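The values are calculated or read from the model by the stated rules, or taken from the named source; none is laboratory data. Because the structure is a prediction, the values reported are computed rather than measured. Every residue, glycine as well, gets a Cβ built from its backbone with ideal geometry; the counts of neighbours run over all protein chains shown. Surface areas here come from the heavy atoms of the whole protein model, side chains and all, with no ligands, DNA or RNA. Shrake-Rupley method; radii C 1.70, N 1.55, O 1.52, S 1.80 Å.
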Amino acid sequence: MSYDFSGTKNKICEIERWFEKELSGIHTGRATPSLLDGVAVDSYGAKVAVSHVASITTEDPRTLRIAPWDKTQMKEIEKAIDVADLGVSVSVDDAGLRVFFPELTTERRALFVKVSKEKLEDARVSVRAEREKVWSDIQEKEREGELSEDDKFRLKDELQDIVDKVNKKLEEMAERKEKEIMN
C-alpha cells in the first residue's frame, strides 16, 4: 500500500516559502524593495503594506525611492519605516521618500549571518515537526493493520528522503544569503 505524502510536501513548500521570505527581509547593505515588505503603514484607518500605497523602486545600489500615490501619506510612510527599525535613514522630498541603506559594518554583517542561521534552525524545526507527525501517522496505520511492517519502513525511508532534500535546499538558501551578506 502507498502513502499520500502530498500534504507533507505542501507543508514543506510552505516552510520553504516562509524561510525565503524571512531571508529576503534580512538587510544585506543593498537596497531591495523586499526589505520593506514587513513595514505596515496606517492608511485611512487600516494597516497596509508600503507597496499597497506607493511604488517602490531602486534608485542606486543603496537607495530606494518610494513614490506614494497619495502625497498626504508621506508622513505615515516615513513614520512606519522609522518604527520598523530597519537600520535605514529616510529623507522626504517633493517627489516622495528616499530610503538610504548604510554600509554594513563587520559586526552588523556577523549579526545578520547569525539571524539567518536562527531562521534556518526555525525552518528545520518545522520540517522535523512535520516529519514526526507523518511518522506517527504511518506507525498508527501499521498498528491498525492498514500497512505491513515492510511498508512502514519503506515509507519511513521515503519520508526521510523528502526531509533530506528539503534540508539540503534550505541549507543552500542560507549559504547564498550568507555570501550575499558577507560580500
Residue, farthest from the chain's Cα centre (by Cα), within segment 72-115, restricted to residues that are open to solvent by 80 Å² or more (accessible area, probe 1.4 Å) and closer than 21 Å to GLY45 by Cβ
THR72
Considering every residue within segment 168-183, establish whether at least one is part of a helix (DSSP H, G or I), open to solvent by 70 Å² or more (accessible area, probe 1.4 Å) and in contact with a Lys or Arg (Cβ under 9 Å, 6 or more places away or on another chain).
yes
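Is there a residue in segment 76-85 that is in a helix (DSSP H, G or I), of a type in the set (Val, Ile, Thr) and in contact with a helix residue (DSSP H, G or I) (Cβ under 9 Å, 6 or more places away or on another chain)?
Taking segment 76-85 as the starting set, the residues that turn out to be in a helix (DSSP H, G or I) are 76-84.
If we keep only those that are of a type in the set (Val, Ile, Thr) too, we end up with 77, 81, 83.
Filter again for in contact with a helix residue (DSSP H, G or I) (Cβ under 9 Å, 6 or more places away or on another chain), leaving 77, 81.
Yes, segment 76-85 contains at least one residue that is in a helix (DSSP H, G or I), of a type in the set (Val, Ile, Thr) and in contact with a helix residue (DSSP H, G or I) (Cβ under 9 Å, 6 or more places away or on another chain).
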The condition from (1) closer than 30 Å to ARG30 by Cα; (2) surrounded by 12 or more Cβ atoms within 10 Å (Cβ to Cβ) that VAL125 misses is numbered (2)
Given (1) closer than 30 Å to GLU149 by Cβ; (2) modelled with pLDDT of 85 or more; (3) open to solvent by 40 Å² or more (accessible area, probe 1.4 Å), where does THR8 come up short, assuming only one miss?
(3)
Six or more apart or on different chains, Cβ under 8 Å: which pairs go from a residue in segment 133-157 that's free of Cβ contacts under 8 Å to residues at least 12 places away in the same chain to one that's assigned to a loop (DSSP other than H, G, I, E, B) and among the small types (Gly, Ala, Ser)? Could you list them?
GLU142/SER148
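Filter segment 158-182 down to residues that are closer than 14 Å to SER136 by Cα and free of Cβ contacts under 8 Å to residues at least 24 places away in the same chain, then give me how many there are. Before the answer, list the steps.
So the first thing to find is which residues in segment 158-182 are closer than 14 Å to SER136 by Cα, and the list is 159-160.
If we keep only those that are free of Cβ contacts under 8 Å to residues at least 24 places away in the same chain as well, we get none.
Residues that pass the stated criteria total 0.
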Tell me whether segment 61-69 contains one or more residues that are in contact with an Asp or Glu (Cβ under 7 Å, 6 or more places away or on another chain), modelled with pLDDT under 90, surrounded by fewer than 19 Cβ atoms within 10 Å (Cβ to Cβ) and not β-branched (Val, Ile, Thr).
no
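Could you tell me whether segment 146-166 includes any residue that is under 30 Å from LEU36 (Cα atoms), surrounded by 17 or more Cβ atoms within 10 Å (Cβ to Cβ) and in contact with a helix residue (DSSP H, G or I) (Cβ under 9 Å, 6 or more places away or on another chain)? Spell out the reasoning first.
As a first pass, look at segment 146-166 and keep what is under 30 Å from LEU36 (Cα atoms): 166.
From what's left, surrounded by 17 or more Cβ atoms within 10 Å (Cβ to Cβ): 166.
Now drop any that are not in contact with a helix residue (DSSP H, G or I) (Cβ under 9 Å, 6 or more places away or on another chain), which leaves 166.
Yes.
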